[in-house]
Amino acid sequence: MLVVGNNPDATLDLSSYDSDLVHGFFLINNTTLNPGVTILLPHASVAGRVITLIETDATTNGGDLEAYPQTGDTIYCAANTVTNGSAAPGCNGYFYLRVISDGNHVWRVVDRS
């Protein structure tokens with residue numbers, strides 16, 4: 001598990017983990033209520049790769065987690081499709097968000113809470 005996001009108001013770009021197949025769990029600092037935390041997932045280029053984002057503050061004091069894909073990728077999130085240029089909100093996970101890649105630039109939400 002990697003702890004990322006020491007600045008909860010910043011957008012966290014996880015593209016540096018594109019080729020890292022070891023780390024699949026990311027602990028996200030969401031201690032600021034507004035505006036929450038915006039995450040850019042790694043590229044969805046490895047089939048079967050699972051990414052789990054877990055917030056540090058699961059209470060109502062923590063800001064929401066909003067995930068967006070990298071340019072050229074898509075997230076299928078419940079009833080909506082999220083692209084890099086999508087207007088907020090992205091794919092929300094209130095405590096955690098788990099996605100799986102199809103290897104063809106698509107993340108699919110497996111679970112969220």
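The values are calculated or read from the model by the stated rules, or taken from the named source; none is laboratory data. None of these values were measured; they are calculated from a predicted model. Neighbour counts run over all protein chains shown; Cβ positions are idealised from the backbone, glycine included.
Could you say which residue among Gly36, Gly48 is loosely packed, with under 15 Cβ neighbours inside 10 Å and either in contact with a helix residue (DSSP H, G or I) (Cβ under 9 Å, 6 or more places away or on another chain) or of a type outside the set (Asp, Glu) (or both)?
Gly48
Hey, does region 57-66 have a residue that's among the aliphatic types (A, V, I, L, M), at pLDDT 85 or above and surrounded by fewer than 20 Cβ atoms within 10 Å (Cβ to Cβ)?
No - not one qualifying residue is present in region 57-66.
Please enumerate the residues belonging to region 67-84 that are more than 20 Å from Asp18 (Cα to Cα) and either surrounded by 20 or more Cβ atoms within 10 Å (Cβ to Cβ) or touching a Gly at 6+ places or on another chain (Cβ under 7 Å) (or both).
Result: Cys77, single match.
So which residues in region 4-20 are modelled with pLDDT of 80 or more and over 14 Å from the mean Cα position of the chain (by Cα), if there are any at all?
Answer for region 4-20, where residues must be modelled with pLDDT of 80 or more and over 14 Å from the mean Cα position of the chain (by Cα): Ser19, Asp20.
Which members of region 59-73 meet the condition of being touching a strand residue (DSSP E or B) at 6+ places or on another chain (Cβ under 7 Å) and over 11 Å from Val109 (Cα atoms)?
Scanning region 59-73 gives Gly62, Gly63, Asp64, Leu65, Glu66, Tyr68, Pro69, Gln70, Asp73.
Which residues, taken from region 38-55, are under 14 Å from the mean Cα position of the chain (by Cα) and either assigned to a loop (DSSP other than H, G, I, E, B) or not aliphatic (A, V, I, L, M) (or both)?
Answer for region 38-55, where residues must be under 14 Å from the mean Cα position of the chain (by Cα) and either assigned to a loop (DSSP other than H, G, I, E, B) or not aliphatic (A, V, I, L, M) (or both): Thr38, Leu41, Pro42, His43, Ala44, Arg49, Thr52, Glu55.
Of all residues in region 93-112, which are of a type in the set (A, V, I, L, M, F, W, C), within 15 Å of Ala47 (Cα to Cα) and touching a residue at least 40 places away in the same chain (Cβ under 8 Å)?
Of everything in region 93-112, those that are of a type in the set (A, V, I, L, M, F, W, C), within 15 Å of Ala47 (Cα to Cα) and touching a residue at least 40 places away in the same chain (Cβ under 8 Å) turn out to be Val99, Ile100, Val106, Trp107, Val110.
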